[in-house]
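Participant: Quick one: this structure, given as structure tokens, is what I'll be asking you about.
The values are calculated or read from the model by the stated rules, or taken from the named source; none is laboratory data. Since this is a predicted model, take the numbers as computed values, not measurements. Note that each Cβ is placed from the backbone with ideal geometry, even for glycine, and that neighbours are counted across all protein chains shown.
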């Protein structure tokens, strides 16, 4: 079946926008084609420095015919209603069908040629494309990320005729600015297009550009017994800057290696988009870098490398100046400047925030290690943790906040635990980031994130939908990960409002789901109202193991049967209170369940008291056989009132005993 090829060629598209632009192009095309009854067999979009490309395979030559039945007014409706329906459908009264006192119109629409639909689709996409930022160039009123220069649009090897603000579609495109033939070339299908680009110095697919960069960079490093410091974020960016990415190795002055490695890497990455390299034997940075050129230079890249080395030297000289100057002022002496830094209009200055974090750190530290020295270190580290925000280095490289504070604390010969806490208190900053586990560092990290959450929830600045401008979800997950990894038994209710506790519960469910736990099991445990995350997770793990067993599965079925009976009885009136007894003449099944429940209470007290939730579940497992036997042999709704009440008390006790471990009504399976 025919193929559609579309290219929107413009001036340079910012690298950070390319991946989303490809997704948006594919989504918009799919939606608009589907709305017209056109379903491609395959659809793919690509983005690069100067072009967005779409290819759709297996489209029909024309839209299928469409038949539609449209319901109209009732046959006794006012004449005006009928006239309006006839105008909307384009039919006459004698063409309508009457059924059950209602008029119906049968409409037939002949299918339009696919090129006609594609032309409308392309114009709608171009005019409505959701660029984060766009511009108008020249006399055109067309908004695009950068001036749109050319539209290639071909269906079944024929040009799809369309014009958008003076840009007429065709079957021509062009390659690399410098490495191609410098002339446009014709492409009537995707194979011609892709191969033509490759011959003219353009690698179309972003994944291929990234693979080319990594492979060639590793080869350059291997030739000099070095190792590439890989950086996925930087790789994504440079792959969006070069159509023909060509890594080049350059040299830097070894004297700069006395700077902190984070400073060197950040200067390379942020200012120059260079990859760092290291000595695999020592693991230390080597005095070299990898830059990614957009051409294959005839001299092997020597001039490119030399020019980039000069620029890097200038950047690192600036960094050395900040490094030296910052060390002239102690961290404690910088605190006064924080009074002039606004944290949030409703939450005061950064100095106010530091005071809150220090107070929280003092409260939190005893939960990690209950001694005066740890508490004092946590408070001091919290007071100094934000001091580097007013340093020259962090002013130049905001990414290094915390990191530089740790280095400056080392230079001041502060306690190593305090320096580490300053260095690590922002962590974890993402799901793959390491968690600070040292007691002082963990105390300050939790205090920092907890203050953020308490403060913003206090002024009703909560996440809504996908909007989370203050990264509160990330902060909550950070607290959760630290508490779980350090096994800190923190009573969150002592620090959090009810809505913040609910927010933590939601984030914990996300964390557990990512670890493979069922959401309903988390709900079953959270319903108990516990605020100790370590205990909650232990309960969820034990519950998951219990329900995976045959005893757990069958007991859950018995629980639900008991609860359903109790719900039905509650509609008639209050359930009988008190403990069940082994009544005279009771069956062995009824007496056996009474005895089992009597023994179970003590076993649960002991197991839950020592927080051995696996043992608690094992104790519940022993209920399975007597519950099964009870339901198999005993009629709950006995005609004898005393028997009925006693048996209902038995079911209440089964429900309540199981409810001490988890709310099994929340379990869906």
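Participant: Report yes if some residue within region 242-251 is within 28 Å of the chain's Cα centre (by Cα), closer than 17 Å to residue 308 by Cα and surrounded by fewer than 20 Cβ atoms within 10 Å (Cβ to Cβ); otherwise report no.
Facilitator: Checking region 242-251: not a single residue is within 28 Å of the chain's Cα centre (by Cα), closer than 17 Å to residue 308 by Cα and surrounded by fewer than 20 Cβ atoms within 10 Å (Cβ to Cβ).
Participant: Is it the case that residue 575 is within 37 Å of the chain's Cα centre (by Cα), under 27 Å from residue 598 (Cβ atoms) and part of a loop (DSSP other than H, G, I, E, B)?
Facilitator: So residue 575 does not fit the description; no.
Participant: Across region 498-541, which residue is nearest to residue 478 (Cα to Cα) among those that are outside any helix (DSSP H, G or I) and free of Cβ contacts under 8 Å to residues at least 40 places away in the same chain? I'd like the intermediate steps shown before the answer.
Facilitator: Going residue by residue through region 498-541, those that are outside any helix (DSSP H, G or I) are 515-518, 527-532.
If we keep only those that are free of Cβ contacts under 8 Å to residues at least 40 places away in the same chain too, we end up with 515-517, 529-530.
Numbers: 515: 15, 516: 19, 517: 19, 529: 21, 530: 19 Å.
By that ranking, first place goes to 515.
Participant: Sticking with this structure for a sec: Could you please let me know if residue 256 is more than 29 Å from residue 175 (Cα to Cα) and in contact with a helix residue (DSSP H, G or I) (Cβ under 9 Å, 6 or more places away or on another chain)? If you could, list the steps in order and put the result at the bottom.
Facilitator: On the way: more than 29 Å from residue 175 (Cα to Cα): yes; in contact with a helix residue (DSSP H, G or I) (Cβ under 9 Å, 6 or more places away or on another chain): yes.
In short, yes.
Participant: Out of region 643-658, which residues are over 14 Å from residue 594 (Cβ atoms) and touching a residue at least 12 places away in the same chain (Cβ under 8 Å)?
Facilitator: Of everything in region 643-658, those that are over 14 Å from residue 594 (Cβ atoms) and touching a residue at least 12 places away in the same chain (Cβ under 8 Å) turn out to be 655, 658.
Participant: Looking at region 602-622, I want the residues that are crowded, with 16+ Cβ neighbours inside 10 Å and have a partner that is outside any helix (DSSP H, G or I) with Cβ atoms under 6 Å, at least 6 apart or on another chain. Which pairs are those?
Facilitator: 604/660; 616/661
Participant: Another question, then. Tell me, please, whether a residue that is at pLDDT 95 or above, assigned to a helix (DSSP H, G or I), surrounded by fewer than 19 Cβ atoms within 10 Å (Cβ to Cβ) and assigned by TED's automatic domain parsing to the domain that holds residue 359 can be found in region 434-456.
Facilitator: Yes - at least one qualifying residue is present in region 434-456.
Participant: Another question about this same structure. Going through region 180-212 one residue at a time, which ones are touching a residue at least 60 places away in the same chain (Cβ under 8 Å), in contact with a helix residue (DSSP H, G or I) (Cβ under 6 Å, 6 or more places away or on another chain) and part of a helix (DSSP H, G or I)?
Facilitator: 206, 209
Participant: Going by the structure shown, is residue 490 part of a helix (DSSP H, G or I), in the same structural domain as residue 529 (by TED's automatic domain parsing) and buried (at least 17 other Cβ atoms within 10 Å of the Cβ)? Break it down into steps so the answer makes sense when it comes.
Facilitator: Details: part of a helix (DSSP H, G or I): no; in the same structural domain as residue 529 (by TED's automatic domain parsing): yes; buried (at least 17 other Cβ atoms within 10 Å of the Cβ): yes.
Criteria not met by residue 490.
Participant: Quick check, is residue 567 over 29 Å from residue 361 (Cα atoms) and part of a helix (DSSP H, G or I)?
Facilitator: Working: over 29 Å from residue 361 (Cα atoms): yes; part of a helix (DSSP H, G or I): yes.
So residue 567 fits the description; yes.
Participant: Restricting the search to region 332-357, which residues are over 18 Å from residue 412 (Cβ atoms), part of a helix (DSSP H, G or I), under 32 Å from the mean Cα position of the chain (by Cα) and free of Cβ contacts under 8 Å to residues at least 60 places away in the same chain? Lay out the reasoning, then the answer.
Facilitator: Taking region 332-357 as the starting set, the residues that turn out to be over 18 Å from residue 412 (Cβ atoms) are 339-353, 355-357.
From the residues that got through so far, the ones that are part of a helix (DSSP H, G or I) too are 339-340, 350-353, 355-357.
Filter once more, so that each one left must be under 32 Å from the mean Cα position of the chain (by Cα): 350-353, 355-357.
Within region 332-357, 350, 351, 352, 355 qualify.
Participant: Inside region 29-63, can you point out the residues that are part of a loop (DSSP other than H, G, I, E, B) and without any contact (Cβ under 8 Å) to a residue 24 or more places away in the chain?
Facilitator: Within region 29-63, the subset part of a loop (DSSP other than H, G, I, E, B) is 36-41, 48-50, 58-61, 63.
Matches in region 29-63: 39 only.
Participant: Here is a further query. Check 138, 101 and return the single one that is outside the structural domain of residue 12 (by TED's automatic domain parsing) and either modelled with pLDDT of 95 or more or at positive phi (or both). Spell out how you get there, then give the answer.
Facilitator: Values: 138 fails: outside the structural domain of residue 12 (by TED's automatic domain parsing).
Every option except 101 fails the conditions.
Participant: Within region 584-599, is there a residue that is assigned to a loop (DSSP other than H, G, I, E, B) and exposed (fewer than 13 other Cβ atoms within 10 Å of the Cβ)? Lay out the reasoning, then the answer.
Facilitator: We begin by selecting, within region 584-599, every residue assigned to a loop (DSSP other than H, G, I, E, B); these are 584-587.
Checking the rest, the ones that are also exposed (fewer than 13 other Cβ atoms within 10 Å of the Cβ) come to 584-585.
The answer is yes; a qualifying residue exists.
Participant: In addition: Can you tell me which of (1) closer than 30 Å to residue 288 by Cβ; (2) buried (at least 20 other Cβ atoms within 10 Å of the Cβ) is the one residue 327 doesn't meet?
Facilitator: Checking residue 327 against (1) closer than 30 Å to residue 288 by Cβ; (2) buried (at least 20 other Cβ atoms within 10 Å of the Cβ), the one that fails is (2).
Participant: A follow-up question, please. Which residue out of 540, 534 is modelled with pLDDT of 95 or more and closer than 24 Å to residue 656 by Cβ?
Facilitator: Values: 534 fails: closer than 24 Å to residue 656 by Cβ.
Step by step, each of 540, 534 is checked, and only 540 is modelled with pLDDT of 95 or more and closer than 24 Å to residue 656 by Cβ.
Participant: Quick one: is residue 150 surrounded by 13 or more Cβ atoms within 10 Å (Cβ to Cβ) and not in a loop (DSSP other than H, G, I, E, B)?
Facilitator: Working: surrounded by 13 or more Cβ atoms within 10 Å (Cβ to Cβ): yes; not in a loop (DSSP other than H, G, I, E, B): yes.
Taking the combined requirement at face value, the residue satisfies it.
Participant: Among the residues of region 1-18, count how many are buried (at least 21 other Cβ atoms within 10 Å of the Cβ) and over 28 Å from residue 39 (Cβ atoms).
Facilitator: Residues of region 1-18 buried (at least 21 other Cβ atoms within 10 Å of the Cβ): 4-8, 13, 18.
Add one more test, that the residue is over 28 Å from residue 39 (Cβ atoms), and what stays is 13.
Looking only at that region, the number is 1.
Participant: Would you call residue 264 over 30 Å from residue 179 (Cα atoms) and crowded, with 16+ Cβ neighbours inside 10 Å?
Facilitator: Values: over 30 Å from residue 179 (Cα atoms): yes; crowded, with 16+ Cβ neighbours inside 10 Å: yes.
For residue 264, the condition - over 30 Å from residue 179 (Cα atoms) and crowded, with 16+ Cβ neighbours inside 10 Å - is met.
Participant: Residue under question is residue 662, and the condition is that it be within 51 Å of the chain's Cα centre (by Cα), in a loop (DSSP other than H, G, I, E, B) and within 19 Å of residue 541 (Cβ to Cβ); does it hold?
Facilitator: Details: within 51 Å of the chain's Cα centre (by Cα): yes; in a loop (DSSP other than H, G, I, E, B): yes; within 19 Å of residue 541 (Cβ to Cβ): yes.
The answer is yes for residue 662.
Participant: Of the residues in region 219-241, how many are over 21 Å from residue 270 (Cα atoms) and either surrounded by 15 or more Cβ atoms within 10 Å (Cβ to Cβ) or free of Cβ contacts under 8 Å to residues at least 12 places away in the same chain (or both)? Let's see the steps before the verdict.
Facilitator: Quick first cut of region 219-241, residues over 21 Å from residue 270 (Cα atoms) only: 219-226.
Filter again for either surrounded by 15 or more Cβ atoms within 10 Å (Cβ to Cβ) or free of Cβ contacts under 8 Å to residues at least 12 places away in the same chain (or both), leaving 219-223, 226.
Residues in region 219-241 being over 21 Å from residue 270 (Cα atoms) and either surrounded by 15 or more Cβ atoms within 10 Å (Cβ to Cβ) or free of Cβ contacts under 8 Å to residues at least 12 places away in the same chain (or both): 6 in total.
Participant: A further question follows. Which residue out of 483, 526 is more than 20 Å from residue 668 (Cα to Cα), surrounded by 14 or more Cβ atoms within 10 Å (Cβ to Cβ) and under 25 Å from the mean Cα position of the chain (by Cα)? Break it down stepwise before answering.
Facilitator: Values: 526 fails: more than 20 Å from residue 668 (Cα to Cα).
Unique residue meeting the criteria: 483.
Participant: Select, from 297, 306, the only residue that is outside any helix (DSSP H, G or I) and over 39 Å from the mean Cα position of the chain (by Cα). I'd like the intermediate steps shown before the answer.
Facilitator: On the way: 306 fails: outside any helix (DSSP H, G or I).
297 is the lone residue from the list that is outside any helix (DSSP H, G or I) and over 39 Å from the mean Cα position of the chain (by Cα).
Participant: Counting only residues that are more than 50 Å from the chain's Cα centre (by Cα) and not in a helix (DSSP H, G or I), which one in region 64-89 is surrounded by the most Cβ atoms within 10 Å (Cβ to Cβ)?
Facilitator: This residue is 77.
Participant: Kindly provide the set of residues from region 90-111 that are surrounded by fewer than 13 Cβ atoms within 10 Å (Cβ to Cβ) and not in a strand (DSSP E or B), ordered by number.
Facilitator: Going through region 90-111, the residues surrounded by fewer than 13 Cβ atoms within 10 Å (Cβ to Cβ) turn out to be 90, 92-95, 97-101, 108-110.
If the condition is that a residue be surrounded by fewer than 13 Cβ atoms within 10 Å (Cβ to Cβ) and not in a strand (DSSP E or B), then 90, 92, 93, 94, 95, 100, 101, 110 are the ones that fit.
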